[in-house]
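This report refers to the structure that appears directly beneath it.
The values are calculated or read from the model by the stated rules, or taken from the named source; none is laboratory data. Remember, it's a predicted structure, so these values are computed and weren't measured experimentally. With ideal geometry, Cβ positions are generated from the backbone for all residues, glycine too; neighbour counts draw on all protein chains shown. All accessible areas refer to the heavy atoms of the entire protein, side chains included, with ligands and DNA or RNA removed. Shrake-Rupley method; radii C 1.70, N 1.55, O 1.52, S 1.80 Å.
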Amino acid sequence: MLAEKRFVAAEIAASGTFEALVRSEFRYVWRLLRRLGLGETDADDAAQQVFMVASARFADMEPGRERAFLYGTALNVAGKWRRARRDTEDADGPVPLVDPSDPADELVDRHRARATLDAILALLPLELRAVLILYEIEGQTAAEIAEITGVARGTVASRLRRAREEFSEHVKRHAARQKFRAERAAKERP
Amino acid sequence: MTEPRRLLSDPSGGLEAELLRAGVAEEPSSRAVERTVVAVSAGAATLSVVSAAASAPVAIGATAATSLGVAGITKLLAIGAVAGLASGGALLGITKAVEHRAETPAHVAPTVATATPVAEAPSIPPPPVAAPEASPVAEPSAAPAPAAHPAPASALSEGTPLAAEVALVDRAHAALRGGDARGALATLAAYESAFASPRLLPEVFALRMEASESAGDGTAARLWASRLVSRYPKSAQAARARTLLEGPPEADR
């Protein structure tokens, strides 16, 4: 049975149906991995892993439920990558503060904003973080999120509410620290 | 139940909205997408070949391996090398297995596969992607599915038929991919009668459907499509068949 499934996967991959799935869903998977804390290069590699797993299991996937499968796999893969990184690098540091005397341009601003976003997201518990990402960043509906994450709509709504509260708190604290640093820097200038 | 208002549609979103917007704006590179497309095609195809080669008894094993050909395997691995697969470790394992098990000459490309993981492996090893290299067939899956073990068990050790079926289907595939739709159809023509208990019917029906379409025979394509839908309604191939059936009628009907 297993061998037949591989052949099915091979046939599908060769015929282009799975390729179509990769092309249509890669962005979703990659962006999710990024907001789950993987760096850009890691996200490239991890997204590939997600689709390698998916290709072997494609015959099992119910048509129309591909995203639920990809989501679950992405969460697993992201968890493993983050644990592997943590073993050899420093854990997530505090939310980065911008040096107010740094000249900034739009690209740098966006890059910094993303670094800040990711640092704050890392402070949220995973189930809250996931709902916030899917709702506020990926723009999915509560119903879609319920289906993908396998929880009830009411649970999605309550997680979203808590996620937004926590996110908001962290952002306020970050803004306050940023302001404090800017004021101190201004005082220290001759 | 109405949807809660989205933060990004809130005009007073402030810093929260700015941070979220930075996340919304990020896109993967097209290189990353293409690399994955290549990896998936190479990986899946390589696995099917290796399963056939590694598991079948000696006589058929040689045939199956050489039907795709050493050159074919080498090419797939070369694609992997060019694409710079992070899962190169899996291909390395597969290459070693092919070297070890198949009745093929020594020039099965160890050098090609070796280049891959060294060049592309991140400095911090990612979670293991492949089953241990000792395993004859390495399944490049990290997450939910445990690394599968191949061949030896049940279906393939029953003997030659499945491996031979696979070889036939692979040959038909290769023909279709190479633009020879009629050759593919010819290869598949005797499929049901060649095998007492054929196991790859959905794939064969789907291949015949596509090859017929490619060859300009819309009627036959629709025939295979409806057979596929009625006999294997839940298969992945059935979805494609339905798409074909719902399309515009062929001119030759």
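Taking helices (runs of 4 or more DSSP H) that fall entirely within segment B:182-252, which contain at least 2 residues that are open to solvent by 20 Å² or more (accessible area, probe 1.4 Å) and among the hydroxyl-bearing types (Ser, Thr, Tyr)? Break it down stepwise before answering.
On the way: elements: B:191-194, B:201-214, B:218-231, B:236-246.
The helices (runs of 4 or more DSSP H) meeting that bar are B:218-231.
Determine, yes or no, whether A:ARG177 is more than 11 Å from every other protein chain (Cβ to nearest Cβ) and farther than 23 Å from B:GLU26 by Cβ.
Details: more than 11 Å from every other protein chain (Cβ to nearest Cβ): yes; farther than 23 Å from B:GLU26 by Cβ: yes.
For A:ARG177, the condition - more than 11 Å from every other protein chain (Cβ to nearest Cβ) and farther than 23 Å from B:GLU26 by Cβ - is met.
Each row is one residue, and each column tells you yes or no for (1) at pLDDT 50 or above; (2) outside any loop (DSSP other than H, G, I, E, B).
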residue	(1), (2)
B:GLU139	no, no
B:ALA147	no, no
B:ALA155	no, yes
B:LEU176	yes, yes
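Of the residues in segment A:171-178, at least one is at pLDDT below 90, part of a helix (DSSP H, G or I) and in contact with a Pro (Cβ under 9 Å, 6 or more places away or on another chain).
Of the set (1) touching a residue at least 40 places away in the same chain (Cβ under 8 Å); (2) over 12 Å from the mean Cα position of the chain (by Cα), all apply to A:LEU36 but (2). Residues in segment A:12-41 that are open to solvent by less than 40 Å² (accessible area, probe 1.4 Å) and more than 7 Å from chain B (Cβ to nearest Cβ): A:GLY16, A:LEU21, A:GLU25, A:TYR28, A:VAL29, A:LEU32, A:LEU33, A:LEU36, A:GLY37, A:LEU38, A:GLY39.
Is it the case, given these coordinates, that B:LEU19 is at pLDDT 90 or above, facing another protein chain (nearest Cβ under 7 Å) and buried (at least 23 other Cβ atoms within 10 Å of the Cβ)? So that I can check it myself, show each step before the final result.
Values: at pLDDT 90 or above: yes; facing another protein chain (nearest Cβ under 7 Å): yes; buried (at least 23 other Cβ atoms within 10 Å of the Cβ): yes.
When the stated conditions are applied, B:LEU19 passes them.
If I go through segment A:111-141 residue by residue, how many of them are touching a helix residue (DSSP H, G or I) at 6+ places or on another chain (Cβ under 6 Å), among the aliphatic types (A, V, I, L, M), modelled with pLDDT of 95 or more and open to solvent by less than 30 Å² (accessible area, probe 1.4 Å)? Selection size over segment A:111-141: 10. Yes or no: A:PHE7 modelled with pLDDT of 90 or more and open to solvent by less than 20 Å² (accessible area, probe 1.4 Å)? Spelling it out, it is not the case that A:PHE7 is modelled with pLDDT of 90 or more and open to solvent by less than 20 Å² (accessible area, probe 1.4 Å). Residues of segment A:43-63 that are facing chain B (nearest Cβ under 7 Å) and acidic (Asp, Glu): A:ASP44, A:ASP45.
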